[in-house]
1. Looking at (1) touching a residue at least 12 places away in the same chain (Cβ under 8 Å); (2) more than 30 Å from THR28 (Cα to Cα); (3) crowded, with 16+ Cβ neighbours inside 10 Å, which one does LEU77 not meet, given that it meets all the others?
2. Going by the structure shown, is MET84 surrounded by 14 or more Cβ atoms within 10 Å (Cβ to Cβ), out of contact with any Lys or Arg (no Cβ under 6 Å at 6 or more places or on another chain) and in a strand (DSSP E or B)?
3. Looking only at region 25-46, which residues are more than 15 Å from ARG63 (Cβ to Cβ) and of a type in the set (Val, Ile, Thr)?
4. Of ALA97, ALA48, which residue is among the hydrophobic types (A, V, I, L, M, F, W, C), away from the ligand (no atom under 16 Å from the Cβ) and part of a helix (DSSP H, G or I)?
5. Inspect all residues belonging to region 107-118 and state whether any of them is closer than 17 Å to GLU136 by Cα, out of contact with any Pro (no Cβ under 6 Å at 6 or more places or on another chain) and in a loop (DSSP other than H, G, I, E, B).
6. Within region 1-38, which residues are modelled with pLDDT of 90 or more, within 16 Å of the ligand (Cβ to nearest atom) and among the charged types (D, E, K, R)?
7. Here are the criteria: (1) surrounded by 13 or more Cβ atoms within 10 Å (Cβ to Cβ); (2) β-branched (Val, Ile, Thr); (3) out of contact with any Asp or Glu (no Cβ under 9 Å at 6 or more places or on another chain). Tell me which single one THR94 does not satisfy.
8. Can you find a residue in region 95-115 that is closer than 15 Å to LEU14 by Cβ and either in contact with a strand residue (DSSP E or B) (Cβ under 8 Å, 6 or more places away or on another chain) or not small (Gly, Ala, Ser) (or both)?
Amino acid sequence: MVNEKPGAEDPCNLCGQPLPKAHELDWTTDQYSARCLTCGPYRMTFQASMSPLRGPEGNFWLRAAARQHWESTGTPLMIALEDMDRLADEHAGTSVAQNVNKLLNYFVRHSPRPGTEVPLTPAHDYTIVDATGPEELQFYTSHP
Ligand SMILES: [Zn+2]
């Protein structure tokens with residue numbers, strides 16, 4: 001059975017932004033699933049979805065973890081409570097060089113031919129690299 005919460009003011013469990021479509025809670029599998037413009041589609045166990053480790057005040061880097069998993073695999077990241085710290089840590093200490101690589105990989109994946117413009121909306125797309133916010137993504141895109 002799937003419960004859908006009504007209302008447009010359903011905030012993303014990771015970044016707190018309103019979801020374009022309400023999240024789903026599947027009581028048979030105990031899974032929260034959402035599709036966020038910033039975090040991409042992701043799933044969480046019910047326990048994880050209720051944890052104080054999640055955003056917006058909780059673990060910031062889970063946004064990047066969820067989004068980059070989606071971008072690189074095409075499948076939603078499944079976030080369990082016991083994985084939250086590790087997932088966030090994997091994105092917390094990224095160097096500038098590593099972020100430049102992540103950005104280049106994103107462009108390569110999204111452009112069928114060299115020279116194709118890949119649209120970016122920093123307000124939502126800053127999670128394609130391990131950036132602290134839209135301004136940091138803009139730094140990378142304006143300093144290639
Ligand atoms: Zn989000």
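1. (2)
2. Values: surrounded by 14 or more Cβ atoms within 10 Å (Cβ to Cβ): yes; out of contact with any Lys or Arg (no Cβ under 6 Å at 6 or more places or on another chain): yes; in a strand (DSSP E or B): no.
So MET84 does not fit the description; no.
3. Correct list: THR28, THR29, THR45.
4. Numbers: ALA48 fails: away from the ligand (no atom under 16 Å from the Cβ).
Residue meeting the stated conditions: ALA97.
5. Taking every residue of region 107-118 in turn, none turns out to be closer than 17 Å to GLU136 by Cα, out of contact with any Pro (no Cβ under 6 Å at 6 or more places or on another chain) and in a loop (DSSP other than H, G, I, E, B).
6. Matches in region 1-38: ASP10, LYS21, GLU24, ARG35.
7. Result: THR94 fails condition (3) only.
8. Within region 95-115, the first condition is being closer than 15 Å to LEU14 by Cβ, and the residues that meet it are none.
No: region 95-115 contains no residue that is closer than 15 Å to LEU14 by Cβ and either in contact with a strand residue (DSSP E or B) (Cβ under 8 Å, 6 or more places away or on another chain) or not small (Gly, Ala, Ser) (or both).
The values are calculated or read from the model by the stated rules, or taken from the named source; none is laboratory data. Fair warning: this is a prediction, and the values are worked out from it, not measured in the lab. Cβ coordinates were reconstructed from backbone atoms using ideal geometry, including for glycine residues, and neighbour counts include every protein chain displayed.
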